[in-house]
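*Asks:* Please read through the structure below; I'll follow up with questions.
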Amino acid sequence: MMKLSFLAHAMHLSFEGDDFDVISFAPLKEATPSHISFFSDKKLLEDLKTSKAGAIIVTPEFQSFVPSHSQILLSENPYLSMAYASKLFAHKPFETSMPATISQEVHLAPNVVIGSGSIVEEGSYIMPNVTIGANVRIGKNVTIYPNVVIYDNAIIGDDCIIQAGAIIGSDGFGYAHTKMGEHIKIYHHGNVILEEEVEIGANSTIDRAVFGSTIIKKGTKIDNLVQIGHNCEIGAYSIIVAQAGLAGSSKLGRNVVMGGQSATAGHLEIGDFATIAARGGVSKSIEGGKVYGGFPLTLQSEWLKNNAKLARFFKKN
Amino acid sequence: MMKLSFLAHAMHLSFEGDDFDVISFAPLKEATPSHISFFSDKKLLEDLKTSKAGAIIVTPEFQSFVPSHSQILLSENPYLSMAYASKLFAHKPFETSMPATISQEVHLAPNVVIGSGSIVEEGSYIMPNVTIGANVRIGKNVTIYPNVVIYDNAIIGDDCIIQAGAIIGSDGFGYAHTKMGEHIKIYHHGNVILEEEVEIGANSTIDRAVFGSTIIKKGTKIDNLVQIGHNCEIGAYSIIVAQAGLAGSSKLGRNVVMGGQSATAGHLEIGDFATIAARGGVSKSIEGGKVYGGFPLTLQSEWLKNNAKLARFFKKN
Amino acid sequence: MMKLSFLAHAMHLSFEGDDFDVISFAPLKEATPSHISFFSDKKLLEDLKTSKAGAIIVTPEFQSFVPSHSQILLSENPYLSMAYASKLFAHKPFETSMPATISQEVHLAPNVVIGSGSIVEEGSYIMPNVTIGANVRIGKNVTIYPNVVIYDNAIIGDDCIIQAGAIIGSDGFGYAHTKMGEHIKIYHHGNVILEEEVEIGANSTIDRAVFGSTIIKKGTKIDNLVQIGHNCEIGAYSIIVAQAGLAGSSKLGRNVVMGGQSATAGHLEIGDFATIAARGGVSKSIEGGKVYGGFPLTLQSEWLKNNAKLARFFKKN
């Protein structure tokens, strides 16, 4: 919690109304009168007009759309201002000063570290050199292999299995940019949620959300060395094969299959029961129930036909 | 060891003959009268007819091929039944209740954990925060960098070097599927064998076999962030460059070179002295002694010519 | 330090002049009279003629170019001879027998191991199960997440952030080859330098240099599962997105962007402010200020046009 005046000062911005205590940042839609928010994406103009935020960082151009109950902080680059302020709300990570709550029926191997306020439920089995952050919730019968790292605030559902070296909840790769070309880190305040029966492969990495949650739904299985960007949402019973990479805010339906070394470009949707063949590169939203492949992406059946056409072309030329 | 009747009950299957003590699952070919096996791949019909297994899970269609000395367990989906039962044979991993045998001439850094019954031979050098499972055998003069994880039952040959964060023996990515689209984990009972003078790069992952062994032969060198699937066999003196991925059951000959970010589709063979250029994607078996590239894969010399043809086509059109 | 005669004996080579104490290997250009060097790349002939090395391994063909103040060691394969000898100069890694110097204002979590002679400056925050080697220098206000490994001699600048599981300074993937096809490891004696405000993503790997340094310059941000080869140099304020791979000795200018799963072939230069789209494969040097894509690489605008031309071709054929 910090005064709006303190935040404004840190961002080199000013405001005219009353000072108040700010809990944290929040998106326009979720913000309450105790939150500060920002407007930098014109697609969210309706959210701006109806936001309940106590204060909003905005460019002069859109100042007139800020609701009267919100303080206005004018900035040439609200996203950059938000990046600077996001650091002020960041907590010390992996804090261990307070105890965790471990069920009696939990197997805790040597050299396991569990952060303040975390909970591990009965039947879970945690192997050596695992590091679990603060305020993490580990459900029942969860199996965590050695040297896994789970960042603060993650929620791991019952019966999940996490293979060795996997990283759950690393900072998303998000920066605002100055005119000089410097990258200003956006501190991530969200978390990762694994629903029940999810499996994560060895040395895979799952970034946590900026706000809200990166979510892997029930029964989804992820192979080794897979990258899941911040704010992704993966539907139930999906399969993500080794070395696939999902850019931030990809949204997959249920029973989606992503082949080995396939990828998505982020901020797109893949429908239920879609399959992406190995190496397929998804750069825009696609409907479910079909098999895709290639880069640029096409139907896998087309990709095979096109390769045959190219082979004939190469023979003749 | 458990009674066949107990197993059958767990799989919701029945059988008519005598009950007996089952040691574990095994493939049709390797099974003894104390093993249970399953038939789900029609290519293995000869193995079914000649199997010595004490019991075999089979569809009604193939029931008549089961040898008379084997009990028959009828299942609509033997692979799925096997998946359910595979969990029953799984041991608690990374068990440390019993001592390991460490040679006096071994360097053991702080925070190293070594599981029950494992052996580390003289001259080996194990760095901090390494986790070694149960019944692992580490040979002579092996160098293991920090935060490496070696799963149960692995065999690491003399003079191997394992760079930091590598994972040796993670569960293979294998599931049977229900009609509802759920994925039922196949518990892996095999291991990983690294022969002598193998080097594994930082944060690479090598899955262990379902049954039998994933094998990396003498003198093979593997770079960083490489994925080796379950049951792969890599010949001697091969070179696997960073971020390459080998799908399950790939079989490489000796002195094979796989370039950076190259990949195989699994269940295929690459002949001795073959080279796959960077990004090459191998989707079927190829003979040795040649240089390949592209995806779909072709001879690298063809790939270069084809790119030139395409460049001319783009100029004219 | 060891006698030249000892080294020569280990390499099965002879020399005719006076014996002397050799400090270590060095490239021709940097070698002093207390160093041994080698000549195996004809492009470095000028370096050979002007080297100050106390001894030089050389083929008979180039013997006459060795300066008179240098001892001559004749070898059919100087690179291979150097590989054999490089092992003799290798120190025991991650040595902890001597104390490190930790500022009082440092947060050290449980299970952190820091090697002999390392320095951690004030304000740095080191989380559980981190392993730091010997003679490492960690600057001010550095944040190191759990299970990170930093190899010997690395230098981490002020305000760097290293996400969980990242490996800084792993051995480069370099081998000399015998006539029999064996790979003889070249022990790496260089280090990694991260300048200030660099961020490294989860489970990324950065190899240290053979000689000299792998350098990541000020303010550069690297995402998860990225591979940076030995002796790379990445300019200030660059952005390397997840699963990109830079082969050894790639040299990037400032504000270069490498998209997800992109790659370089090594020993090439990318100019300032160049952008490589996701999956772009850079196989030769390119100038700055442009956007590239595809594999083979072209201007991204061309790549898009070419894809449209191919789509028309596929429709007609």
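All of the numbers you see were taken from the coordinates with simple rules; none came from a lab. Since this is a predicted model, take the numbers as computed values, not measurements. When we count neighbours, we look across all protein chains shown, and the Cβ atoms used for this are built from the backbone with ideal geometry, even at glycine.
*Asks:* Along its three principal axes, how long is chain C when you only count alpha carbons? Whole Å, largest extent first please.
*Replies:* Cα spread of chain C along its principal axes, largest to smallest: 71, 62, 34 Å.
*Asks:* Next up: How high is the relative contact order of the range C:17-113, in percent, counting Cα pairs under 8 Å that sit 6 or more residues apart?
*Replies:* RCO, the range C:17-113: 20 percent.
*Asks:* For the pairs A:Lys179/C:Lys218; A:Lys221/B:Lys29; C:Lys42/C:Lys92, flag any whose C-alpha to C-alpha distance is greater than 25 Å.
*Replies:* A:Lys221/B:Lys29; C:Lys42/C:Lys92, as the Cα separations exceed 25 Å there.
*Asks:* Still on this structure: Roughly how crowded by other chains is peptide A:83-96, in terms of the mean Cβ count from those chains within 10 Å of each of its Cβ atoms?
*Replies:* Whole-number average of other-chain Cβ neighbours for A:83-96 is 2.
*Asks:* What is the Cα coordinate range of the range B:101-289 on the first, second and third principal axes, sorted by size from largest, in whole angstrom?
*Replies:* Here the spans come out as 48, 45, 22 Å, largest first.
*Asks:* Karplus couplings for the range B:26-34 from phi (6.51 cos²θ - 1.76 cosθ + 1.60, θ = phi - 60°), rounded to Hz, Gly and Pro as x?
*Replies:* Taking θ as phi minus 60°, the curve returns 7, x, 3, 6, 8, 5, 10, x, 9 Hz for the range B:26-34.
*Asks:* Could you tell me the relative contact order of the range A:73-156? Use alpha-carbon pairs under 8 Å, at least six residues apart, and round to a whole percent.
*Replies:* Reported as a whole number, the value is 23 percent.
*Asks:* Another one. Taking the alpha-carbon set of the range A:89-196, what are its Rg and Dmax in Å?
*Replies:* Expressed in Å, the Cα Rg and Dmax of the range A:89-196 come to 15.3, 55.
*Asks:* What is the spin-label model distance, in nm, from A:Ser283 to B:Ser285 if the labels are put 7 Å beyond Cα along the C-beta direction?
*Replies:* The answer from the label model is 3.7 nm.
*Asks:* Once Rh is set to the Kirkwood radius over Cα pairs, what Stokes-Einstein translational diffusion coefficient, in µm²/s, holds for the range B:122-168 at a temperature of 10 °C and a viscosity of 1.306 mPa s?
*Replies:* Once the numbers are plugged in, D ends up at 155 µm²/s.
*Asks:* Oh, and also: So how strong a dipole does the range C:101-289 carry about its Cα centre when Lys and Arg Cβ are +1 and Asp and Glu Cβ are -1, to the nearest 20 debye?
*Replies:* 540 debye
*Asks:* Just from its helices, what would the mean residue ellipticity at 222 nm be for chain B, if runs of 4 or more DSSP H residues each count -39500 (n - 2.57) and the sum is divided by every residue, rounded to the nearest 500 deg cm²/dmol?
*Replies:* Computed mean residue ellipticity for chain B: -3500 deg cm²/dmol.
*Asks:* Using the C-alpha atoms of the protein assembly as shown, what convex hull volume per residue, in cubic angstrom, is computed?
*Replies:* 185 Å³
*Asks:* Working only with C-alpha atoms, what are the Rg and Dmax values of the range C:216-294, expressed in angstrom?
*Replies:* 10.4, 28
*Asks:* While we're here: Of the residues C:Asn231, C:Asn306, C:Asn255, which exhibits the maximal mean-square fluctuation in a Gaussian network model of chain C defined by a 10 Å Cα contact cut-off?
*Replies:* Comparing C:Asn231, C:Asn306, C:Asn255 in the GNM, the peak value goes to C:Asn306.
*Asks:* For B:Ser238, enumerate residues with amide H under 5 Å from its amide H, sequence gap 5+ or separate chain, H modeled in the peptide plane.
*Replies:* For B:Ser238, whose amide H was placed from the backbone, the distant partners under 5 Å are B:Thr220, B:Lys221, B:Asn255, B:Val256.
*Asks:* Return the single residue from A:Lys251, A:Lys92, A:Lys179 with maximal mean-square fluctuation; model: Gaussian network over chain A, springs between Cα atoms under 10 Å.
*Replies:* Maximum among the listed residues: A:Lys179.
*Asks:* Kindly write out, for the range C:112-129 in residue order, the coupling ³J(HN,Hα) from the Karplus curve 6.51 cos²θ - 1.76 cosθ + 1.60 (θ = phi - 60°), rounded to whole Hz, with x marking Gly and Pro.
*Replies:* Values per residue, Gly and Pro as x: 8, 10, 10, x, 4, x, 6, 10, 10, 8, 5, x, 7, 9, 10, 8, x, 6 Hz.
*Asks:* Between the label point of B:Glu105 and that of the same position in each other copy, find the distances and list them shortest first in nm, with every label point placed 7 Å from Cα along the Cα-to-C-beta direction.
*Replies:* 4.9, 4.9
*Asks:* Starting from the Cα of C:Lys316, step 7 Å along the direction of its Cβ; do the same at A:Glu182; then give the gap between the two resulting points in nm.
*Replies:* 5.4 nm
*Asks:* Let me ask another. Build a GNM of chain B with springs between Cα atoms under 10 Å: which of B:Ile167, B:Ile240, B:Ile184 gets the top mean-square fluctuation?
*Replies:* For chain B, modelled as a Gaussian network with Cα springs under 10 Å, the answer is B:Ile184.
*Asks:* May I pose another question? For a Förster distance of 25 Å, can you work out the FRET efficiency between the beta-carbons of C:His107 and A:Ile119, rounded to the nearest 0.05?
*Replies:* So, using R0 = 25 Å, E works out to roughly 0.55.
*Asks:* Cα centroid distance between the range B:68-119 and the range C:193-271, in Å?
*Replies:* Using only Cα atoms, the two centres lie 39 Å from each other.
*Asks:* So, R0 is 51 Å and r is the distance between the beta-carbons of C:Ser24 and B:Leu45; what FRET efficiency does that work out to, to 0.05?
*Replies:* It comes out at approximately 0.20.
*Asks:* Amide H to amide H under 5 Å from A:Asp152: which residues, 5+ apart in sequence or cross-chain, H placed 1.01 Å off N in plane?
*Replies:* Excluding prolines and chain starts, which carry no amide H, the hits are A:Phe94, A:Gly133, A:Ala134.
*Asks:* Still on this structure, please answer the following. Among the GluC sites (Glu not before Pro) in the range A:208-306, which ones are in a DSSP loop with at most 16 other Cβ atoms within 10 Å of the Cβ? Mind listing them?
*Replies:* A:Glu287
*Asks:* Report the label-to-label distance for A:Asn307 and B:Glu76 in nanometres (one decimal), using points 7 Å from each Cα along the Cα→Cβ vector.
*Replies:* 3.5 nm
*Asks:* Given H placed 1.01 Å from N in the peptide plane, which residues other than close sequence neighbours of C:Cys232 have an amide H under 5 Å from its amide H?
*Replies:* Sorted by chain and number, the residues that satisfy this are C:Ile215, C:Ser249, C:Ser250.
*Asks:* Based only on Cα atoms, what Rg/Rh ratio does the range C:2-89 have, Rh being taken as Kirkwood's radius?
*Replies:* On the Cα set of the range C:2-89, Rg over Rh gives 0.90.
*Asks:* Related question: What list of ³J(HN,Hα) couplings, whole Hz, do you get for the range C:134-146 from phi and the Karplus terms 6.51, -1.76, 1.60, once you set θ to phi - 60° and write x for glycine and proline?
*Replies:* Along the range C:134-146, the couplings run 8, 6, 8, 10, 9, x, 7, 6, 8, 10, 10, 6, x Hz.
*Asks:* Please compute the contact order of chain C in relative form: average sequence separation of alpha-carbon pairs under 8 Å and at least six residues apart, divided by the residue count, as a percent.
*Replies:* Answer for chain C is 7 percent.
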